[in-house]
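Participant: Quick one: this structure, given as C-alpha cells, is what I'll be asking you about.
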Amino acid sequence: MFRILTVSAAALALTACASLAPYGPQTGSGGQGYAEQRIESNRWRVTYSGVGAPAPVAELALRRAAELTVANGDDWFEVVQRYTDGRPDSAGGIRPSLSVGAGSGRYSGRYGSYSTSGVGVGVGLNFSGPSPTTTTLEIVTGDGPPPDRTAVYDARGVLETIGRY
C-alpha cells in the first residue's frame, strides 16, 4: 500500500510541474509562448504553444492576435483559418478507467476435453501529465467598423476580456 501511495504522489508531483507557462514570446523551438509571422500588410499567422487543455491556449492565441491588431493601428481582426493541435483531454491528471471482458473456449486434447468461460474486470489509473497543445490562427486585420461575420473580433474588447492573465 505504501508503494502505491509513493508512486501516486510522484506522479502527481510530475503532473504539477508541466503547466501552462506565463504569457510571453516563445523562447525557442518547442517552447511555450507566442510566435507570429506577417504574411501581408494586414495578414498574420499567430501561433501559441502551451501545455494543457486546448481552450486556454486558444485564448492566448486570440490575445496575441488582438495585440498585433492594435499595434498595427487597426481596430478588429478576423480569424480566416484556425488550427488546434492537442487532445481534448490534454490537461492530464489522474483519469480512472474501467474495463470488463468475457470469454469462453473449448479444449480437446490427448487426455480429454473441457470448456472454459470467464468474466474479468480491470481498473486502471492514467497518471499522464499535460500534453503539448498549439493553436495557430491566420488573421486579417482592419480598421473602422468591423464586418458583420462570426469570426470577427474587436481587438480592444478581446484585450479587455482575455488580456488579464
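Every number here is computed from the coordinates shown, using simple stated rules; none is lab data. Just so you know, these numbers come straight off a predicted model, no measurement behind them. Ideal geometry is used to build each Cβ from the backbone, glycine not excepted, and the neighbour counts take in all protein chains shown.
Participant: What's the FRET efficiency of ARG82 with ARG110 using the Cβ-Cβ distance as r and R₀ = 45 Å, to the nearest 0.05?
Facilitator: According to the calculation, E is roughly 0.10.
Participant: Provide ILE139, ILE39 in ascending order of the number of other Cβ atoms located within 10 Å of each residue's Cβ, fewest first.
Facilitator: With the sparsest Cβ surroundings first, the list reads ILE39, ILE139.
Participant: Test of understanding: what is the full-extension gain from SER19 to ALA35, defined as 0.36 nm times their sequence separation minus their Cα-Cα distance?
Facilitator: Net length gain for the segment: 3.9 nm.
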